[in-house]
1. Have a look at Ser146, Ser132, Ser153 and point out the one that is modelled with pLDDT under 95 and of a type in the set (S, T, N, Q).
2. Quick test for you: out of Leu39, Leu82, Leu54, Leu116, pick the one residue that is at pLDDT below 95 and surrounded by 15 or more Cβ atoms within 10 Å (Cβ to Cβ).
3. Quick check on my filter: what residues within the stretch 22-74 are under 24 Å from Pro86 (Cβ atoms) and hydrophobic (A, V, I, L, M, F, W, C)?
4. Filter the stretch 67-94 down to residues that are over 19 Å from the mean Cα position of the chain (by Cα), closer than 15 Å to Thr231 by Cα, among the aliphatic types (A, V, I, L, M) and not in a helix (DSSP H, G or I), then give me how many there are.
5. Are there any pairs, at least 6 apart or on different chains, whose C-beta atoms fall under 9 Å, with the first in the stretch 176-204 and under 14 Å from Val252 (Cβ atoms) and the second assigned to a helix (DSSP H, G or I) and not hydroxyl-bearing (Ser, Thr, Tyr), and if so, which?
6. Is it fair to say Ala46 is part of a strand (DSSP E or B), among the small types (Gly, Ala, Ser) and either under 22 Å from Ala97 (Cβ atoms) or in contact with a strand residue (DSSP E or B) (Cβ under 7 Å, 6 or more places away or on another chain) (or both)?
7. So Asn70 passes all but one of these: (1) out of contact with any Lys or Arg (no Cβ under 8 Å at 6 or more places or on another chain); (2) farther than 23 Å from Leu260 by Cβ. Which condition number does it fail?
8. Hey, any hits in the stretch 4-25 for a residue that's assigned to a loop (DSSP other than H, G, I, E, B) and touching a helix residue (DSSP H, G or I) at 6+ places or on another chain (Cβ under 6 Å)?
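The values are calculated or read from the model by the stated rules, or taken from the named source; none is laboratory data. Just so we're clear, the structure is a prediction, and the values are computed from it rather than from any experiment. Here the Cβ positions follow ideal geometry from the backbone for every residue, glycine too, while neighbour counts run over all protein chains shown.
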Amino acid sequence: MQIARSNNRLLLHDNGKFFELEGAGDEYGFGVGSVLGRLDSLKPGAEVPAPALLQAPFPCPTQIFAVGLNYKNHAAEMDLPLPVTPMVFAKFPSCIADPNTDINIPGETTDWEAELVIVIGRNGRNIAASDSSSYIAGYMVGQDVSERTVQMSSSPAQFSMGKSFENFAPMGPWFTSADEIADPNDLLIQCSLNGQLMQNESTEDMAFHVPEIVAFISSVCELRTGDLIFTGSPAGVGQGQNPKRFLRDGDVLTTSIEKLGTMTNTFRKTR
């Protein structure tokens, strides 16, 4: 099942077509989070025209976790060792953006990071990796947009601040339920800048796979229904280029994950 959000209502997406979702409303602004506990009961209604604009499927999660340096080839391009345990930071919910929105460039070193996003389906602590699938509702495409100067401006680094500017977490284009994805660590993830392919990797290259990430975070924090986890970015980010290539006014970034969809963001230098 794929559930999109547009004009503050939930819609079923199926092979490019959109349908009303019977029994699903978004009057409280929780998006897909309002129906995670009853996905099996949702039924498609009448077909509707494709919406001109899609909204972020999860506008107000309690928590957004992210994992850094979680792809082997990305760690190599950054000339950094792989972490011994998942390197976890937060993206603050105020940076959530619609999947195809424009994004302001706040500095001279704003970078892209295509990522698989996990959506948590029920509350849990100390979740065993072997049990993680029963806590995962589904997945989305995400961009962990990063302002590198702010991220690395202090000692220790300010990861959460550098990654939480306005619209620095576009996600979507819709939510895909976990039963649609046989193996989240066998998906092609790609990112193109102005039509040039920059990131092209399987999620299999993760240092810590999806079950390990859920187990590690839940060993410290309670994971709650609707929480989001950005799982790291593959090789090909701007900081890893030689010479480095950061985002400029008018750049168009297209992010895709196999079976999950595509989103396109234009970057603007407005201040």
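1. Only one candidate qualifies: Ser153.
2. Just one listed residue meets the conditions, Leu39.
3. Within the stretch 22-74, Leu36, Phe58, Ile64, Phe65, Ala66, Val67, Leu69 meet the criteria.
4. 1
5. These pairs meet every condition: Leu193/Gly238; Met198/Gly238.
6. yes
7. Here Asn70 clears every test but (2).
8. The answer is yes; a qualifying residue exists.
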